[in-house]
Amino acid sequence: MCGLSGEIRFDGERPDLAAVRRMSDRLAARGPDGEGIWSRGPVALAHRRLKIIDLSDLGAQPMTDVEDEVTGVFNGCIYNYRELSEELRRLGHRFESTSDTEVVLNAYRQWGTACVDHFYGMFAFAIFEHRTGRLVLGRDRLGIKPLYLAETPGRLRFASSLPALLAGGDVDTSLDPVAVHQYLSWHATVAAPRTVLNGVRKLPPATVRVVEPDGSHQDHRYWQPSYTRRPEYADMSPSEWRDAVLDALRTAVRRRMVSDVPVGVLLSGGLDSSLIVALLADEGQRDLATFSVGFESEGGAGGDEFEYSDLIAKEFATDHHRLMVPSERLPTALDGAIAAMSEPMISHDVVAFHLLSEQVAKEVKVVQSGQGADEVFAGYHWYPRLAEASRAGAADRYAETYFDRSHADLSRVVRPDMLPPDDVASRFVREHMAVPGADTALDAALRLDTHVMLVDDPVKRVDNMTMDWGLEARVPFLDHELVELAAACPPELKLADDGKGVLKDAGRKLLPHEVVDRPKGYFPVPAITHMAGPVLERVREALQAPEARRRGLFQDSYLAELLAAPDEHRTRRGANALWQVALLEIWLQTHGI
């Protein structure tokens, strides 16, 4: 829901309202239903609104509380806002709207930065205290809603997307070698707070930042579940774990139906999205709108999974919509998807999500999505290999299993001055894995994937692609209580049945066996996987463009090798190596860098 932006000055100057307006204009697609700007003293806040809760003008932002103590902008949804509103009224707070934004403001006035502990939802916010001149920035526990930052001497700007900050101007767009190293090693994951640009950072998930009037700041990480076996679950049987997971997921799905407009479901036909549909039907939802996308086959690879999504749509009598995308649409669609990316993302389903979101947004404003289940419940094929490692060997096994390239391999990919002296991607993993609070190697890997990789790859992908069409995607598998439960679940229950065993057990209570026991599917886009005609032409064009030659990021000999055999070079993870390097260059050119 929405896009926010703003600027705060620390040098006694007034904020640059023209720059804030440019940032807000760049966020128009995220909030096509309204806009607003507010400024007082050193701060300016702007907002683009997508009307989902309290459709009246009383829900407009930027919003100032009734007592004129704080003004804020907010992106996301607080699913328990009605319960919090009642609690805050009992505590003496007054409300003028029925919006969750006003709940956020009054919750901050009541509990200060601890307000985030009371929120069930996805959110990013900026709140300005009128009396102290302090700015408070916050982000939800799993980073579902983004918040990008650009700091220069005397000034901090912030926005819901990186391109919005670029629109504001005066951003250092030089490349961060550490971030590029992570991008090329870690399957395009760049961990917070970094981005590939030196001048842009992102607020980490589960973090509240308090910015003082002099520009100093303090960060507080307010949530991190323990990936250990907890005493309260010690005697639970596998069937009890199945029922606990199903109950928690049911609650998560129910929470995400809170809306003043209809809510649909992105239905891939896999276990995760099918469970969402089944639980909603179980809750009494009728004629639920569901949406699937498919692509033409290329190179002998199938491009759709309609067989399974059709089965679920029929089983639960949904109002189902299928979108088949012809290959000739991909080059144009590819450029649109890359323009919507706040950061470069190589996964093929970026294009699928963008095209699907375009069509879905014509029907509904809110959808639920199955994103996150594979990371939370150990659904990927590499997790058994990680589970075999010792706790001490977890980091090395993770890098061997998941990374696209070794540090040594990168020496022939990028120019020498862009290669950090040590293996910074592996060092990040080692440091994260060494933190206490994970019992086994698999626990440590799932913690890393859920709280870092998931945030800066799949979750970011869904937010960017859906919000580019004014569509809000809600992800019940990232309900923080469900994630806490899954973190405590014994690894063997998650690894069973070739992954997501406990979730598959839950699915067998609700879904046709053909869906639960099918081979794991992906969002296939064969024309990208195999560098088919039009996509390959777009790649060649970008890598041979004057901007690419001036930048000289990649070594000429390496590019020549990839272009000579575009479908043959794969990374250790199986990604098309040409696509990975080309995507970064296309993204930079698309955003004027």
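The values are calculated or read from the model by the stated rules, or taken from the named source; none is laboratory data. This is a predicted model, so every value here is computed, not measured. Every residue, glycine among them, receives a Cβ derived from its backbone with ideal geometry; neighbour counts consider all protein chains shown. Just the protein is used for accessible areas: all its heavy atoms, side chains included, with ligands, DNA and RNA removed. Shrake-Rupley method; radii C 1.70, N 1.55, O 1.52, S 1.80 Å.
Here are a few things to note about the model shown:
- Rel. contact order, % - alpha carbon contacts under 8 angstrom, at least six apart, the chain: 16 percent
- Here the 3J(HN,Hα) profile of the stretch 120-132, calculated from phi with Karplus coefficients 6.51, -1.76 and 1.60 at θ = phi - 60°, is 9, x, 10, 6, 9, 8, 9, 10, 10, 8, 4, 6, 8 Hz, Gly and Pro shown as x.
- Less than 5 angstrom separates the built amide H of Lys51 from those of Asp33, all sequence-distant by 5 or more or on a different chain.
- When peptides 259-266, 563-570, 451-458 are ranked by their average number of other Cβ atoms within 10 Å per residue, the highest-first order is 451-458, 259-266, 563-570.
- Extension gain, Ser557 to Arg430: 0.36 nm times the residue separation minus the Cα-Cα distance gives 42.5 nm.
- Accessible-area order (highest first, 1.4 angstrom probe) of the listed residues Lys365, Lys509: Lys509, Lys365
- Distant-in-sequence amide H partners of Gly36 (H built 1.01 Å from N, under 5 Å): His47
- Filtered GluC sites (Glu not before Pro), the stretch 353-432: DSSP coil and at most 13 other beta carbons within 10 Å: Glu388
- Given +1 at the Cβ of Lys and Arg, -1 at the Cβ of Asp and Glu and no other charges, the dipole of the chain around its Cα centre is 740 debye to the nearest 20.
- Our estimate of slack between Asp117 and Glu13, defined as 0.36 nm per intervening residue step minus the Cα-Cα distance, is 34.0 nm.
- Accessible area (Å², 1.4 Å probe, nearest 10) - Asp287: 120 Å²
- A simple rule links phi to the HN-Hα coupling: the Karplus curve 6.51 cos²θ - 1.76 cosθ + 1.60 with θ = phi - 60°, which for the stretch 238-246 gives x, 5, 5, 5, 4, 5, 5, 5, 5 Hz, with x for Gly and Pro.
- R0 of 56 Å, Cβ-Cβ distance Lys362-Ser390: FRET efficiency to nearest 0.05: 0.60
- Our summary gives the stretch 126-236 a relative contact order of 29 percent, counting only alpha carbon pairs under 8 angstrom and 6 or more residues apart.
- With DNA, RNA and ligands ignored, accessible area of Phe316 (1.4 Å probe; Å², nearest 10): 40 Å²
- Beta bridges per DSSP with both ends in the stretch 233-379, % antiparallel, nearest 5: 10 percent
- Surface composition of the chain: carbon plus sulfur atoms hold 48% of the accessible area, using a 1.4 angstrom probe and ignoring ligands, DNA and RNA.
- Per-residue HN-Hα couplings for the stretch 469-479 [Karplus 6.51, -1.76, 1.60; θ = phi - 60°; Hz; x = Gly/Pro]: 10, x, 10, 9, 9, 10, 10, x, 5, 9, 4
- Simple label model, 7 Å out from Cα along Cβ direction - Ser216 to Asp319, nm: 5.7 nm
- Restraint check, Lys362/Lys460; Lys202/Lys365; Lys145/Lys314; Lys365/Lys460; Lys202/Lys504, Cα-Cα greater than 30 Å: Lys145/Lys314; Lys202/Lys504
- For the stretch 366-494, the Cβ-based charge dipole about the Cα centre amounts to some 280 debye (Lys, Arg positive; Asp, Glu negative; other atoms uncharged).
- Taking every DSSP bridge with both residues inside the chain, close to 75 percent are antiparallel.
- Model label sites at Arg412 and Ala565, defined 7 Å from Cα along the beta-carbon direction, differ in position by 1.2 nm.
- For the stretch 38-123, size of Cβ-based charge dipole, Lys and Arg +1, Asp and Glu -1, in debye: 220 debye
- Calculated Cα extents along the principal axes in Å (choose from [x] 63, 59, 48; [y] 78, 61, 47; [z] 72, 70, 43), label: [x]
- The 1.4 Å probe gives accessible areas that order Ser390, Ser99, largest first, as Ser390, Ser99.
- Added length on full extension, which subtracts the Cα-Cα distance from 0.36 nm per residue, Ser237 to Glu400: 55.3 nm
- Ligands, DNA and RNA are left out, and with a 1.4 angstrom probe the accessible area of the chain is 36 Å² per residue.
- A simple count of charges around Thr71, restricted to other residues whose Cβ falls under 10 Å of its Cβ and scoring Lys, Arg +1 and Asp, Glu -1, yields -3.
- Ranking of Arg447, Arg90, Arg22 by solvent-accessible surface, largest first: Arg90, Arg22, Arg447 (1.4 Å probe, protein heavy atoms only, all chains present).
- Close amide-amide hydrogen proximity is noted between His320 and Thr290, each under 5 Å apart and 5 or more residues distant or on a separate chain (H modeled in the peptide plane; Pro and chain starts excluded).
- Extending 7 Å from the Cα toward the beta-carbon at both Arg229 and Glu83 defines two label points whose distance is 3.1 nm.
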